[in-house]
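Notes follow once the structure below has been shown.
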């Protein structure tokens, strides 16, 4: 059964027969899936007062279990510096993270999750992981294993 990316690929193949547009079948699907997952996550996490990027920042802080600089948060989440700054401000205002001066950099600061932030993340994580499980429930074991292997190889290659 064709999907939206098949249609895009086929259109480009007709418009540009001189160009190998086969990569669209992988990259286009990964991009489209990312956007669909982001949208579903935003809707789901809204119940917890979070968007997906808020969740990602808070999760990075809880996972690392140590104060992080905004730069380290950006590295961990692959968000841009302005996006991290915005998310930190939102999470600070909500009382989900705390900020302190960075003893190693007089101009910088560190952020950590508050107890309230840890509680919100724990509740949101349970819901998010269950939703992610539901998203892939239609895949058979071989399909899932193939995706895990292929996507991991692609990620390793792109991250260098």
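Quick note: the coordinates plus some simple rules give every number you see, no bench work behind them. This structure is a prediction, so every number in the text was calculated from the model and none was measured. Counting neighbours? That spans all protein chains shown, and the Cβs are built from the backbone with ideal geometry, glycine included.
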task: May I ask you to order 147-153, 110-116, 66-72 by the average number of other C-beta atoms within 10 Å around their residues, highest value first?
output: 110-116, 66-72, 147-153
- request: For the chain, set up a Gaussian network in which alpha carbons nearer than 10 Å are linked by springs, and say which option among 16, 32, 64 fluctuates the most.
  value: 16
task: Provide the packing ranking of 86-96, 48-58, 18-28, i.e. peptides ordered by the mean count of other C-beta atoms within 10 Å per residue, highest first.
output: 48-58, 86-96, 18-28
query: What is the helix-to-structure angle for 81-93, meaning the angle in degrees between its Cα long axis and the longest Cα principal axis of the chain, kept from 0 to 90 and rounded to the nearest 10?
result: 50 degrees
query: What 222 nm value per residue comes from the helices of the chain, counting each DSSP H run with n ≥ 4 as -39,500 (n - 2.57) and dividing by all residues, nearest 500 deg cm²/dmol?
result: -21000 deg cm²/dmol
message: Can you give me the C-alpha center-to-center distance between segment 55-115 and segment 123-160, rounded to a whole angstrom?
response: 26 Å
